[in-house]
Every structure is written in C-alpha cells, then in structure tokens.
Amino acid sequence: GQGDACDTDDDNDGVLDGADNCPLDANPAQTDTDGDGLGDACDTDDDNDGVLDGVDNCPLDANPAQIDTDGDGLGDVCDPDDDNDGVLDGVDNCPLDANPAQIDTDGDGIGDVCDLDDDNDGVDDGSDCAPLDASASAPPGEVANLLLANLGPTQLSWDSLGAGFDYDVAGGLLSELRTDADSSSAECLQDDVGALTWDDLRADPAAGDGYYYLLRGQNVCGVGTYGFASAGGERLPTLACP
C-alpha cells in the first residue's frame, strides 16, 4: 500500500532501493552479468556486447559478431556443441566442423574434416595424391643408380625411392636397341618387385648380344618413368609392365 515515493523497497525483493541494481524489478540475487551496475532483470543488454538481449543468440556471453556455426540459434560462445554433431566442443577434435565419427587418421588430435594434412606427411591434402597414406604424396620420380652384378645370374640393384614403393623391371636385347634406335622393343621382365634387387634367371643371350634393363617405381599415387633417352624423349617400352 506504500507508494514508490515512500517505499524503501519498490520491487519488494528484499533489497533496499538505494542498494538495488534494479529498484523497480525484483532481483534478490542482484545478478549483474556484465558488471555495468544494472542488474540483469532490468538491463536490456546483459552481456554489454551491443546486441540487445531479445535478439542476442548468447544474451549472457559477449558475442557482438553473433557467430552461430551450426545455425541452431545458439551462438558459438554459449553453444556446447558448435557444429551440432553430438560431440561436445570440449572433446570434439573438430569443434566447428561436424564429424560425429571423430576420425583422426594421423592421430594428431585434429579430426580429418578440419586437418589440412590428414596423414601428417608434410603435404597438404589438396596437393597430396594419397591424403590418407603417409607413404606417398606424389607419383614416383626416376629411379637412380641401376647397377648390374654378375653373381651367377645377373643381379640388378638400385636406390630406394622410399617406403611404400614397388618397382617394375623391363628390358630387351642390345641388338634390338641398336636396330630400333630406342627402347620400344623392351618388355616387362618382372612386375611389382618389393625389394631393391632382382635376379635375372634367363639364359645368356646369343654370343655377341646382350641384355639391357629399364626400371621404374610405382606407389599408390601411380607409376613413375623408365627414364629418358639422351635426346630427351621418355623411354616407353611397347610391352611395359602393367
């Protein structure tokens, strides 16, 4: 029955008007989220971010940009699952990209959907022909240092291109090489050699003739080259390994 002019607690919340941060709005807890002296009950912008509470997607957390990654009406700063994939942000390995399976190929703590290098081989996925295989990122180059040794059978050896490579051995007769003036008559001798050596178990060629050899590498990204002739053209056997 007391008018505001003589009532020391106009909102009857137990806090006297002189100390009440919302004297006309009941707020016994005196909550003032942004600490601006206006209690939340009467403050039209509780987080003081410039966006009024009625249209603020996080009215108690300052977010002037109003970013809402998953478009669920909750701003990212107050949404416990920003990408709405069912995995809470605190344990989500891609909190802004939906990935409920949480696949992390390289185990680096960043899920594949937001990891720029899924296999952690130093080549970004966009430039990696095998983005989930750390053993390969590009088709192989030319194999170096092919050597022959007379160990009963002729043994070929060569430098490694690295892990994850196999090798194809092709070759032909020197007499055909002279006649053709190129290696087009070479044929596949062994496909998919997994080692860095190969033994040629064929019988010796006819007297006055000999064998020549070509080698290329291959990996999950494709096959390399058998090399290039002195004139610059690539050596392309007609019967190359598959």
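The values are calculated or read from the model by the stated rules, or taken from the named source; none is laboratory data. Given the structure is predicted, the values throughout are model-derived calculations rather than measurements. So basically every Cβ, Gly included, is an ideal-geometry build from the backbone, and we count neighbours across all protein chains shown. Heads up: the accessible areas ignore ligands, DNA and RNA and are worked out on the full protein's heavy atoms, side chains in. Shrake-Rupley method; radii C 1.70, N 1.55, O 1.52, S 1.80 Å.
Okay, here's what the table says:
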quantity: Strands (runs of 3 or more DSSP E) completely within the range 129-225 that count 2 or more residues being more than 30 Å from D118 (Cβ to Cβ) and of a type in the set (G, A, S); calculated: 166-173
quantity: Condition broken by G194, with the remaining ones in (1) surrounded by 14 or more Cβ atoms within 10 Å (Cβ to Cβ); (2) closer than 17 Å to P242 by Cα satisfied; calculated: (1)
quantity: Hits in the range 80-96 - residues which are open to solvent by 40 Å² or more (accessible area, probe 1.4 Å) and in contact (Cβ under 8 Å) with a residue 12 or more places away in the chain; calculated: N84, G86, P95, L96
quantity: Out of T31, T8, sole residue that is without any contact (Cβ under 8 Å) to a residue 12 or more places away in the chain and exposed (fewer than 14 other Cβ atoms within 10 Å of the Cβ); calculated: T8
quantity: Subset tally (residues that are among the polar types (S, T, N, Q) and either part of a loop (DSSP other than H, G, I, E, B) or within 20 Å of P95 (Cα to Cα) (or both)) for the range 110-128; calculated: 1
quantity: Any hit, the range 183-195, residues being β-branched (V, I, T) and more than 23 Å from L151 (Cβ to Cβ); calculated: no
quantity: Selected residue [open to solvent by less than 50 Å² (accessible area, probe 1.4 Å), closer than 26 Å to A138 by Cα and touching a residue at least 12 places away in the same chain (Cβ under 8 Å)] from G222, G210, G172; calculated: G222
quantity: Qualifying residue in the range 56-79 (condition: of a type in the set (D, E, K, R), farther than 21 Å from L96 by Cα and in a loop (DSSP other than H, G, I, E, B)); calculated: no
quantity: Restricting the range 130-147 to residues that are hydrophobic (A, V, I, L, M, F, W, C) and at pLDDT below 95, the residue that is most open to solvent (accessible area, probe 1.4 Å); calculated: A134
quantity: Residue match in the range 148-166 (condition: closer than 30 Å to S127 by Cβ and open to solvent by 80 Å² or more (accessible area, probe 1.4 Å)); calculated: no
